[in-house]
Amino acid sequence: MADNRTPQRPLRPGEIQLKAVRKEALAPAGDGELLELPVIEPPRVQNARGKRPDWLRVKLPYGETYRNLVNIIEEHNLHTVCQSARCPNMGECWTAGTATFMILGNVCTRSCGFCAVLTGRPAPDLDWDEPRRVAEAVRLMGVKHAVITSVNRDERDDGGAPIFAETIRLIHELGATVEVLTPDFRGNREACQMVFDARPEIFNHNVETVPRLYRRVRPQANYQRSLDVLRWAKEAGLKTKSGIMVGLGETDDEVLALMDDFVAIGLDVMTIGQYLQPTKMHLPVEEFVHPDKFRWYKEVGEAKGIGHVESGPLVRSSYHAERHV
């Protein structure tokens, strides 16, 4: 007898094939076979704690371009999240002539368990010359797409939003595009609107981890509030982006549920990277997630409806940011 079943495409990495079953197995009436359906499953890999695996080894920053960028940043009394957060991609990005600028100073009012940025009481006044200095550095560095982020300034009602807006405006005058990675402004919609009105090409706000871990990872933050900020940005007509770290003790089901929340608010871009402990005083790494799992996260996230998922052990919020415009 001829085999009239629908031919199947080759399986993708991380998929398994369900066997064909007869309808009688599901219902007493009718006959024939159901289509075989691919099921995306997590790759079965062993993820270990302890010593960093080889896939997390990076080259130290080097080269004349890197040294020139350091000089520009120091001359203009600026801060980069690359330095403050000890980003593992600093060498790659800076050697390529790009950097993420951190505005509103380098002292944060929050004490997130994963972050290497200094916690304390910032200087009472905003530095109103900071936007000009950032724009000048962007010009001197020849940056075409600038990423602007900041510490939290919870002591201010506006959270420093006017500095964000002015920085965006001045960089746009140079003809460069802008991605902002903002705090949640404590849910102050008027402060958020100041940033929205400046029309950055990408509005990024990281939820950082799954809701269950917030008390330990982001004690002064609120998961729903972060989703609200992203939803407001989307409603304002901006391209939205958010990211998480893995390896903090989250489960696959929790990550997939978070992706569903992102789909519900129409998120455009998601980043997923490995959490790396900045110092022994910070949260420990619970798991070094295998690269195969990151590929699986990307596949599942995009299948769910997130436009683009940048997922890999060394991925950070601004990694390949110019590709997300």
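Tell me, rounded to the nearest percent, the portion of alpha carbon pairs in region 232-275 spaced more than 11 Å apart. Result for the distance tail: 69 percent.
Fewest neighbouring Cβ atoms within 10 Å first, the residues LEU118, LEU126 line up as LEU118, LEU126.
Since only HIS145, PHE288, ALA191 are under comparison, the one whose Cα sits farthest along the positive direction of the charge dipole of region 63-324, derived from C-beta charges on Lys, Arg, Asp and Glu, is PHE288. Please check which bits of region 108-151 a label hung off GLN277 would reach, taking the label as a point 7 Å along Cα-to-C-beta and the cut-off as backbone N under 14 Å. Residues passing the 14 Å test: 113-115.
Remark: the GLN193-GLU235 segment gains 14.0 nm on full extension, using 0.36 nm per residue and subtracting the alpha carbon distance. In this simple spin-label model, placing a label point 7 Å from the Cα along the Cα-to-Cβ direction at both ASN77 and GLU64 gives a separation of 3.1 nm. On the principal axes of its alpha carbon atoms, region 63-324 extends 46, 43, 35 Å, with the longest extent given first. Volume per residue for region 134-216 equals 104 cubic angstrom (convex hull of Cα atoms).
Once the mean of 1/r is taken over each pair of separate Cα atoms and inverted, region 225-313 shows a Kirkwood hydrodynamic radius of 13.7 Å.
No value in this document is a laboratory result; all are computed from the given coordinates. Keep in mind that what you see is a predicted model, and the values were worked out from it rather than measured. Quick reminder, even Gly has a Cβ in these numbers, built from the backbone with ideal geometry, and neighbours come from all protein chains shown.
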